[in-house]
Amino acid sequence: MNTPVIERDLVGGGAEVYTGSKAVPHVASARSRVLRSWYWALVPLLALAAYGPVLSLWFVGDDFNLLHWQERLPGITPFTWVINLFYRPLSGILIWNVGYSLFGTNALPYHLVSLALHALIAWLLSRLVGVVSGEARIGWIAGAIFAVFPLSTEPVAWLAAQWDLWAAACGVAGMWGFAAAWRRRDWRPYAAGLAITLAGVFMKESILPLALVIPFIALATELCVPTKGEIAAPAGMRDWLLLGRRILLWSVPYAMPSLLFAGFRLATYGSVGGYTGVRADYNHFFWDVMVAIGLQMLMPLNRLVFSQTAVQVTGLFMTGLFLVGLFSWGRKRWPLVLLAAVWWLAFMVPVMNLVALDNPTRSGSRLIYMSLMGFCIAFAVILAGLLDALPRRYIGWALVSGMLALAVPATWIQLYPWQQASRQTRYLLQEIGGLVEPAPGKVLHFNVKDLPAEYKGAYVFWNGLNDALETFNHQTTEVKSVGALDLQALAEPLDRRSGGNYNLAFSLDPKDELYHVSELSGMSVPTGPPPGAKLAWDYAKCGEGGPSEQVEWQPFMAAFDCAATPDTPPFPGTSYAVLQPKTADPNINLPDLALDPSGARWVRLAVLARLPGGNEGLRGEWFWGSMEQPAKWSGERNSAFMLDANPEWRTYWTYIRADEVKNGLHGLRFDPVNAQVQVDVAWISISLIP
């Protein structure tokens, strides 16, 4: 029998406390000694194997905005940025100040840090649970499950969620220090764990609930007998009270970091922080959210990637194993089950109002990263019970190893949307950069329809398209999402900062599963003919012998003359052509044009023109002929644009998808204005954009 012993507690100032049984030696069995050596290294290796594909990822979503963090908050200024929704100064400095100074815009080392952090967290969790349970195998299983669990894709794959990893690493390390100190009666790991916990609250507020979990770590560590898989409960009420007092004394210091952080935020910001406009009527949804998160962990496969059959079979297997395991073997290790339940709830409740009930796939797995550890602890208890129940232990380990092995490729598949989202962002930035001419020192305004926000649960440009264009295309932009594109929006006057207005739309191509630009048109400040234009007609020297040596534009219902004595040219020392209308439908034609767009995705038509009067609601139009009838114009083959009402020179950009003229551009007609108004033209160009 194990006889409870009463000793003096050093942390409690010499007060009498319950300290368990001295009959239980704190030594490891031969099996545990083996596990303490190279077996523990398998846990981070499993994490690296499962989440290694993140090294192929680029930047997505909010990453582009955060790449500018070091410009807005250089050095240690994040600590002074208290009036903000979120206060994460230490992780912000590590990721976006130190990280940017070391890595710049090279995504690989950022993702390498995320992968290393996840591997470290899995290892820390295994060591923590091993100390708490007193059984190395339970700790190993818990860490291994967490290492390969497919539900951690968002915090590991998304750099904007890397502070979740930094906070989790500090939180689990702090709890390990506490458990080790309790188990060994040693103040050194206690002090180290407390210091790491204090640093953790400045990584992300997600570890604030740690203070609620610490007492249950103490309880489980006290009651679980090392290496024997037994429970050493106090013998009577007095022993329970003494144990409770000791747990309280040991736990209060670990609650101080959370309390200090919360108090500081309340004093400086008025609240702890967080997203605005979220639901607060918990009585209307708390049980729904608990069930949804529980099902998400029992059915961890992305429904937008895996077949419904695979999702349902996995959920059935996990649920059956979980229920049978808890009923059959949970009682034997009830302190660990209690710890797992409290852990799960404590870290889940603060974020439950952010969970999307209508679609769990898009709930944001970063929100439940800490809560998932509690689930993995409970699952480890179940698998340990299964190992004990089987007549041959190697059969149980074969089953555990099989589950871990299956989880690795499942996680790879789960990461596919993030790989594709990375491809999307890179490709779209290159596509937009190739289509839109830059306006250095100016701001381009984009009205965007169907912005690629996400791909099968992974973020594309949910946020950050403007920051991405500025960082990688070196063009300052302002992006406005719209339900429909309006030509009139392009005619809005440009202020001194504005470089132009563009309408932009995207669509997903099912062939390559990539988003592409599907519609584009714009108006910008005056520019020269774009470099690399296939054909260009420059009227800068039209008074010196004609507009061009190439095929001439033929005026129709208008006179096309040269302004030999320029009054206000677009560029100093240049001239321009003048279109004098004879009716309300003046135009110029290129009937003999035959342009092959093979190898191109877009045909870009551009003109630098000026509408001298202060007219409003006027528009220009392009028509192109067919191969059979190159000079016959049709409303099925045309594109319109609105003219700036101000008497300013503007470059008007029209984009035609190459598949609309796949038989070639045969004949071209340009209607500068749908009114009997003089229009000045400086140049016209045609470009083929691959």
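The values are calculated or read from the model by the stated rules, or taken from the named source; none is laboratory data. All values derive from a computational prediction rather than experimental measurement. When we count neighbours, we look across all protein chains shown, and the Cβ atoms used for this are built from the backbone with ideal geometry, even at glycine. Note: accessible area is taken over every heavy atom of the protein model, side chains too, but ligands, DNA and RNA are not part of it. Shrake-Rupley method; radii C 1.70, N 1.55, O 1.52, S 1.80 Å.
Give me the orientation-averaged projected area of the Cα convex hull of the range 271-311, in nm², one decimal.
4.6 nm²
Please list 256-266, 83-93 highest first by mean number of surrounding beta-carbon atoms within 10 Å per residue.
Highest-to-lowest ranking by the protection proxy: 83-93, 256-266.
Please work out the FRET efficiency for the pair Q678 and L354, using the Cβ-Cβ distance as r and a Förster radius of 60 Å; give the result to the nearest 0.05.
0.55
If you take the square roots of the eigenvalues of the alpha-carbon gyration tensor of the range 177-298 and sort them as a ≥ b ≥ c, do you get rounded (a/c under 1.5), prolate (a/b over b/c) or oblate?
oblate
Using square roots of five times the C-alpha gyration tensor eigenvalues, list the equivalent-ellipsoid semi-axes of the range 362-406 in whole Å, biggest first.
28, 12, 5
Order the peptides 580-587, 270-277 from the highest to the lowest mean number of other Cβ atoms within 10 Å of their residues.
Descending packing order for the listed peptides: 580-587, 270-277.
Can you give the accessible area of W250, probe radius 1.4 Å, in Å² rounded to 10?
The accessible area of W250 comes to roughly 10 Å².
How far apart, in nanometres, would the label points at R426 and D388 be if each is projected 7 angstrom from Cα along the Cα-to-Cβ direction?
5.0 nm
For the range 586-673, which semi-axes, largest first and in whole Å, follow from the square roots of 5 times the eigenvalues of its Cα gyration tensor?
After scaling each eigenvalue by five and taking roots: 26, 14, 10 Å.
Under a 1.4 Å probe, what is the accessible area of the range 183-328 per residue, stated in Å²?
Normalised by residue count, the accessible surface of the range 183-328 is 50 Å².
So what is log10(I(q)/I(0)) for the chain at q = 0.05, 0.07 1/Å, when the Debye sum runs over its Cα atoms only?
Evaluating at q = 0.05, 0.07 Å⁻¹ gives log10 I(q)/I(0) of -0.36, -0.61.
Tell me, which cysteines of the chain are without a disulfide-compatible partner by the Cβ under 4.7 Å rule?
Lacking a cysteine Cβ partner under 4.7 Å: C170, C224, C376.
On the principal axes of its Cα set, how long, how wide and how thick is the range 231-285? Give whole Å, largest value first.
Sorted from largest, the Cα extents of the range 231-285 read 51, 31, 17 Å.
Grab the Cα-Cα distance for D592 and S481, subtract it from 0.36 nm times how many residues apart they are, and report the gain in nm with one decimal.
Gain on extension, D592 to S481, equals 35.9 nm.
Write down the accessible area per residue of the range 105-159 in Å², having rolled a 1.4 Å probe over the full set of protein chains.
Here the per-residue accessible area is 17 Å².
Given a 1.4 Å probe and every protein chain left where it sits, what share in percent of the accessible area of the chain is carbon and sulfur?
Within the chain, the accessible surface is 60 percent carbon and sulfur.
Over the Cα atoms of the range 78-210, Rg to Rh with Kirkwood Rh, two decimal places?
The Rg/Rh ratio comes out at 1.01.
Please give the length that would be gained between L248 and W412 if that part of the chain were fully extended, namely 0.36 nm times their separation in residues minus their C-alpha to C-alpha distance (nm, one decimal).
54.7 nm
Using a simple charge model, +1 on the beta-carbon of Lys and Arg, -1 on the beta-carbon of Asp and Glu, nothing else, what dipole does the chain show about its Cα centre, in debye to the nearest 20?
4020 debye
Give the calculated FRET efficiency between L241 and R188 to the nearest 0.05, with a Förster radius of 35 Å applied to their Cβ-Cβ distance.
The calculated FRET efficiency here is 0.80.
Could you give the accessible area per residue of the range 578-628, probe 1.4 Å, as a whole number in Å²?
40 Å²
For the charge dipole of the range 110-264, defined by +1 on Lys and Arg C-beta atoms and -1 on Asp and Glu C-beta atoms about the Cα centroid, which residue among P150, W163, L210 has the Cα displaced farthest towards the positive pole?
Ranked along the dipole, the leading option is L210.
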